Amino acid sequence: MKTTIYFVALIWSVVGEMFTETERKEIVELHTQLRESVQPPASNMLMMRYSPELETLAEKWIVNCTSSLADPKTLDEHVAGVSTLVMRDG
């Protein structure tokens, strides 16, 4: 449920305006804290970084009001996150 709330807040912010650099850092820090709190702890968790490319993609996705996800082939190194969304979505 907590993840859903953060996701909705993130989408709402993207609709309103672009994030500031401070907000981007806060998003990564919050997400990192959540990832570090999982039990059992991950043995090989990769470091996160904010992706301006995915921010732009999210904004385009929201502006177009589409319910379909982006084609993972177009996302280069970000494919794992989209694949996870596709798997969870059905």
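Residues are listed down the side, and each one gets a yes or a no for (1) surrounded by 12 or more Cβ atoms within 10 Å (Cβ to Cβ); (2) modelled with pLDDT of 65 or more; (3) in contact with a Phe, Trp or Tyr (Cβ under 9 Å, 6 or more places away or on another chain):
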{"residue": "ILE5", "(1), (2), (3)": "no, no, no"}
{"residue": "GLN33", "(1), (2), (3)": "no, yes, no"}
{"residue": "PRO40", "(1), (2), (3)": "no, yes, no"}
{"residue": "TRP61", "(1), (2), (3)": "yes, yes, no"}
{"residue": "SER67", "(1), (2), (3)": "no, no, no"}
{"residue": "THR74", "(1), (2), (3)": "no, no, no"}
- Message: Cβ-Cβ under 9 Å, sequence separation 6+ or interchain: first residue in the range 32-50 and without any contact (Cβ under 8 Å) to a residue 24 or more places away in the chain, partner small (Gly, Ala, Ser). Which pairs?
- Response: ARG35/ALA42; GLU36/ALA42
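The values are calculated or read from the model by the stated rules, or taken from the named source; none is laboratory data. The structure displayed is predicted, hence computed values, not measured ones. Virtual Cβ from ideal backbone geometry, glycine too; neighbours counted across all protein chains shown.
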